[in-house]
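So the structure is just underneath, and the comments pick up after that.
The values are calculated or read from the model by the stated rules, or taken from the named source; none is laboratory data. The structure displayed is predicted, hence computed values, not measured ones. Because the Cβ atoms are built from the backbone with ideal geometry, glycine has one as well, and the counts that use them run over all protein chains shown.
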Amino acid sequence: MNDVFRILPAGDAALLVEFDERVDEAINARAVALAEKLRISRVRGVLDVVSAYRTVAIYFDPLQADRSELLARIAALRADAVDEPVASSELIRVPVCYGAELGPDLGQVARFAGMTENDVVSIHTASTYRVFMLGFAPGFAYMGKVDTRIAAPRRDMPRTRVPAGSVAIAGRQTGVYPLETPGGWQLIGRTPLKPFDARAADPFLFKPGARVRFEAVGRNEYERMITAGHDP
Amino acid sequence: MNAGSIYVQRPGLLTTVQDLGRWGFQSLGVPVAGPMDPFAHCLANALVGNDRRAATLEITLVGPELEFDDERLVAVAGAKFDMTIGGAGVPSGCPFVVPAQSRLRFGPRQHGARAYLAVEGGIDVPLVLGSRSTHVPSAMGGHAGRALARADRLLLGPPHGSRTRLASRRIASASFDREPGRVRVLPGPQRDRFDDDAIDVIQSAPYVVASESDRMGFRLLGPALRHSRGAEIISEPTMMGSLQVPGAGQPLLLMADRQTTGGYPKIATAISADLGVAGQAAPGDAISFKLCTPGEALAALIAGERALLAIEG
């Protein structure tokens, strides 16, 4: 294999492992797998292990961790990881009520694509997306890759308030806003699901490496699910 | 048994509950938060005999007025404020007793941006994902996910009752190695995405902390840095102390509340021992960056650890 594999220091309390510089499912799968193995192996002094698109960061307490032990462990785990297939993770189904006031930018995405709003919805619901990484806010998953036909760029003027549950597109990425936050992505619909719910047994709907499908639901169904969610 | 509480008469400008941070959930997008000056947080806890992980109050620029309902040992470290209890001055650098039903009032600030107030027993807000730290942008942790407001009541952990032994604790300020406004850095991780002289440029003159700076990060004004291969990278994890450089070339120093990922190259990273030096900078203050070696970074951290251990006994 001639793939990139570099370990760089990121200050005195973190290491950064780099794989090929591309947004790619197989490369991301290696990063996710390495991060998972490092978490399980519980190296002394390690505080957090974080995978992103093509990198893994290992945060440690410099007074507790043995840096050379950590480097050796990363190299050994990497050797184990390379032959593994892309993790066959669970499929998460996300119901979405598209358009109208719950998806105020659907029309704009349709104009970008030169097609009808229904066509945009058909294309958005036709793909299975991969969660490449989480960031921006607790539970916010960067998913891809969005079909190039509907890959509308970010809005020129970000909104100061995007409602929680908003389903959005930004270029070849799609995601769900877990909290009401500012945001510049194109809002095409809304889901009754909560990507982050601090009170749930598992507060996080999306995890790195997960597979996601969006499914169109009508407004009545959306409202019913919201009500059911509040009264389980 | 009622473990005691603090009633907020005046909240100050930005007073939040912080422990050592919410580690272990960054891969799920959860920011670490925690103290902007971790060392001062640990010092304050050490002075009242708390574990370092106990939650303190981080007090920013303008301090609060707090009423204690039971008698507590209290210590304040980091930024220096004039403090009074019932009009009488309070010593700094050592623990002091706040009598039951009395008010601790923060007055004028002498130096530093952030003070840490530790109470014996710690601030007892609920744990959220294993931490009591407040992250205001995501409304997580601390007291109701926000900064303190007038009429809040904070519960305290049980006092540990070893007060006579603690009364003699002092900060021996000569025993650790911090110089206001000087932040030592190590290069990288994207050192190779900048002009060859970029590390010299960041050391060539002090950077001023701009007014649009907060717990997420400091916008810095000073010598511009030039990218050699574009100003965007595929988003990757961020570190507290990362000097991230967007396209315009003015660096951003990422701090405690930073988002977990970022898409700009990072020229250098502040060393752990000097994070608190940065954390003590207020808007308008200058920060001078100085390249150091991994050995110096570790030595500085060990010096701080010795100072803490000397107090913890």
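Of the residues A:Asp48, A:Asp20, A:Asp12, the single one that is touching a helix residue (DSSP H, G or I) at 6+ places or on another chain (Cβ under 8 Å), part of a strand (DSSP E or B) and not polar (S, T, N, Q) is A:Asp48. Within region B:104-120, the set of residues being surrounded by 16 or more Cβ atoms within 10 Å (Cβ to Cβ) and in a strand (DSSP E or B) comprises B:Leu104, B:Arg105, B:Phe106, B:Arg109, B:Gly112, B:Ala113, B:Arg114, B:Ala115, B:Tyr116, B:Leu117, B:Ala118, B:Val119.
Can you work out which of the residues in region A:138-176 that are within 12 Å of another protein chain (Cβ to nearest Cβ) and buried (at least 24 other Cβ atoms within 10 Å of the Cβ) is nearest to A:Tyr53 (Cα to Cα)? Once the filter is applied, the top-ranked residue is A:Tyr142.
Which ones in region B:261-292 are more than 26 Å from B:Gly249 (Cβ to Cβ) and either more than 9 Å from chain A (Cβ to nearest Cβ) or assigned to a loop (DSSP other than H, G, I, E, B) (or both)? Lay out the reasoning, then the answer.
Initial filter on region B:261-292 (more than 26 Å from B:Gly249 (Cβ to Cβ)): B:272-273, B:276.
Of everything in region B:261-292, just one residue is more than 26 Å from B:Gly249 (Cβ to Cβ) and either more than 9 Å from chain A (Cβ to nearest Cβ) or assigned to a loop (DSSP other than H, G, I, E, B) (or both), namely B:Gly276.
Would you check if there is a residue in region B:288-295 being buried (at least 22 other Cβ atoms within 10 Å of the Cβ) and touching a strand residue (DSSP E or B) at 6+ places or on another chain (Cβ under 6 Å)? Break it down into steps so the answer makes sense when it comes.
Looking only at region B:288-295, we keep the residues that are buried (at least 22 other Cβ atoms within 10 Å of the Cβ), and these are B:289.
Add one more test, that the residue is touching a strand residue (DSSP E or B) at 6+ places or on another chain (Cβ under 6 Å), and what stays is B:289.
Yes, region B:288-295 has at least one match.
The test for being in contact with an Asp or Glu (Cβ under 8 Å, 6 or more places away or on another chain), surrounded by fewer than 17 Cβ atoms within 10 Å (Cβ to Cβ), outside any loop (DSSP other than H, G, I, E, B) and away from chain A (no Cβ under 11 Å) does not hold for B:Ala310.
Taking region B:182-234 as the region of interest, the strands (runs of 3 or more DSSP E) fully inside it that hold 1 or more residues being modelled with pLDDT of 95 or more and in contact with a Cys (Cβ under 9 Å, 6 or more places away or on another chain) are B:182-187.
In region B:1-61, counting only strands (runs of 3 or more DSSP E) that sit wholly within it, the ones holding 1 or more residues that are under 20 Å from B:Arg258 (Cβ atoms) span B:14-18, B:56-60. Screening B:Ala40, B:Ala55, B:Ala79 for residues that are closer than 17 Å to B:Leu309 by Cα and either within 12 Å of chain A (Cβ to nearest Cβ) or not β-branched (Val, Ile, Thr) (or both) leaves exactly one candidate, B:Ala40. When residues in region B:18-35 are screened for being within 9 Å of chain A (Cβ to nearest Cβ) and either within 25 Å of B:Val119 (Cβ to Cβ) or of a type outside the set (Val, Ile, Thr) (or both), 10 of them pass. Among the residues of region B:68-89, those that are within 24 Å of the chain's Cα centre (by Cα) and surrounded by fewer than 17 Cβ atoms within 10 Å (Cβ to Cβ) comprise B:Lys80, B:Asp82, B:Thr84.
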